[in-house]
Amino acid sequence: LQSTVIRWAPPFLGMICCAILYQIVTTRPLPDPSAFLASTDFAAFQAVFISIVLEALPFILLGVAVSSILQIFVTEDMVRRYTPRNPAAGILFACVLGLLFPVCECGMIPVIRRLMHKGMPAYMAVVFILAGPVLNPITFASTYIAFHDQPEVAYARMGLAFAAAAAVGFLLYRFMRKDPLRHSLAAGDTRHSHRQGGLLTGILGHSSEEFFEMGKYLILGAGITAFIQTSIGDSLYSMGQGGLSSHLFMAGLAYVLSLCSTSDAFVAASFSTQFSKSSLLTFLVLGPMIDFKGTLMLLSVFKSRFVLRLSLLTALVVVAGAILTGQLSSLF
Amino acid sequence: MNRSRITHYVIRGIILTGFASYISFLSKTGRLPGYMEPRMLLPVKLSALVLTAMAVYQAYLALVTIRTGRQAACECEELPPLRLKAVIVYAVFALPVILGFWGS
């Protein structure tokens with residue numbers, strides 16, 4: 001022990017001396033964290049952060065509850081039996097399948113993998129991944145409430161998501177030749193049975209599991225959003241009125257934040273004073289379709305080249321669609 | 001294995017209780033309307049009830065695991081090992097509750 005003290009004490013004391021000398025030379029007071037925490041910036045950050053989290057909470061809970069109920073009651077066989085053979089009908093079917101599976105994209109990838117394993121064609125699966133998180137009743141309700149004085153945002157969100165997903169689906173059906181899957185899907189049914197009588201506990205169990213799976217993205221996203229808003233909110237205002245730049249910023253933000261589609265409307269609504277409505281539409285439609293977290297999950301199923309092309313294609317279609325919608329709505 | 005499972009249940013139960021009690025704290029002190037628009041009040045209060053139910057269920061899972069020594073939930077459940085990553089995730093969840101109680 002003695003030798004260790006002798007070995008490390010001089011450099012340690014030397015470093016302390018340097019630090020004290022530095023403080024003396026610069027005569028700066030020691031940084032005081034409590035001053036920052038008491039400042040108005042922090043209070044504003046706290047208010048925005050808590051408000052986004054609390055308002056999104058009911059919807060994320062509803063989402064995980066419905067998804068657990070479906071996971072227990074609706075089997076993949078039922079969906080497969082009603083899958084149409086005609087490609088056009090199949091794409092439309094995949095667009096509205098989200099009505100049956102109102103879950104975020106995080107809950108979607110496992111469902112999709114199972115459906116493809118049971119013979120669903122890849123282009124339909126992709127359409128479902130794109131459309132499902134937006135075109136469902138919970139997302140509509142949360143958007144409608146978040147933009148309570150501008151209900152047209154909710155309708156535009158649904159319409160654009162439908163159009164964009166269908167367009168991407170047709171392009172894939174027309175031009176996709178190679179098998180996009182990473183591995184040929186190995187046999188291995190992940191079905192599990194629940195004990196009789198354990199229905200409520202089954203729902204509660206799945207729900208809390210999914211809540212902890214998805215909630216972290218919401219809380220992180222709310223934190224980053226609150227930080228952006230309270231630190232550079234003013235400079236965002238000038239950017240948000242620009243044409244293409246506001247769309248690109250919102251698309252990038254949606255990709256990085258990776259919010260759940262059931263709750264992202266509240267984040268978007270907090271930007272509504274600074275950004276144009278059509279760029280918020282980009283955020284609301286592109287975010288659930290392609291984002292950081294979704295890319296990671298897509299990569300576990302599809303080849304990376306396919307994921308890259310799909311992401312670029314979708315981003316292009318959605319941004320073009322949102323700008324077009326903005327132009328059209330300004331005509332009337 | 002069981003020990004880490006029980007720790008997960010306990011931490012989750014505490015976090016869920018924290019969210020639920022923060023909402024009821026704001027509601028009791030009349031500060032809830034300051035954070036949201038009026039029509040979200042009822043859903044948020046209801047979600048406090050749901051969170052409480054989920055917290056009770058986590059406590060139940062922990063107790064069953066302690067007493068019988070086997071997992072009570074269905075086998076599809078996957079709990080990550082209690083490493084740094086899991087700790088960070090739980091810290092993220094605790095953040096709004098801590099910030100909320102601290103700021104008020």
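Checking the table B:Lys28/B:Lys85; A:Lys277/B:Lys85; A:Lys277/A:Lys303; A:Lys277/B:Lys45 against a 32 Å threshold on Cα-Cα, which pairs fail?
Going by Cα-Cα distance, B:Lys28/B:Lys85; A:Lys277/B:Lys85; A:Lys277/A:Lys303 fall outside the 32 Å limit.
Could you check the simple spin-label distance between A:Met176 and B:Ala91, using points 7 Å along Cα→Cβ, in nm with one decimal?
In this crude spin-label approximation the distance works out to 4.0 nm.
Which cross-chain or sequence-distant (5 or more) residues have an amide H under 5 Å from the amide H of A:Phe302, H modelled 1.01 Å from N in plane?
A:Arg182
Under 20 Å from a point placed 7 Å out from the Cα of B:Leu41 along the Cα-to-Cβ direction: which residues of region A:135-153 have their backbone N that close?
Label zone hits: A:145-149.
Check A:Ser261: other-chain or 5+ apart residues with amide H under 5 Å from its amide H, H built from backbone geometry?
Long-range HN contacts for A:Ser261: A:Glu105.
Once phi is turned into ³J(HN,Hα) by the Karplus curve 6.51 cos²θ - 1.76 cosθ + 1.60 with θ = phi - 60°, what whole-Hz value does each residue of region A:263-279 show in order, with x for glycine and proline?
Ordered by residue, 3J(HN,Hα) equals 10, 6, 4, 6, 5, 4, 5, 6, 9, 5, 7, 9, 10, 5, 5, 6, 6 Hz.
How would you rank B:Leu84, A:Leu130, B:Leu32, going from fewest to most other Cβ atoms within 10 Å of each one's own Cβ?
Lowest to highest Cβ neighbour count: B:Leu84, B:Leu32, A:Leu130.
Tell me, in nm to one decimal, what length is gained between A:Thr273 and A:Cys18 on full extension, where the rule is 0.36 nm per residue of separation less the Cα-Cα distance?
Taking A:Thr273 through A:Cys18 to full extension adds about 86.9 nm, to one decimal.
Can you sort A:Met15, A:Met214 by how many other beta carbons sit within 10 Å, fewest first?
A:Met15, A:Met214
Based on the Cβ-Cβ distance from A:His148 to B:Ile98, what FRET efficiency comes out when R0 is 25 Å, to the nearest 0.05?
0.25
Readers should treat all values here as calculations from the given coordinates under stated rules, not as data from a laboratory. Note that the structure is a prediction, hence the values are computed from the model and not measured. Quick reminder, even Gly has a Cβ in these numbers, built from the backbone with ideal geometry, and neighbours come from all protein chains shown.
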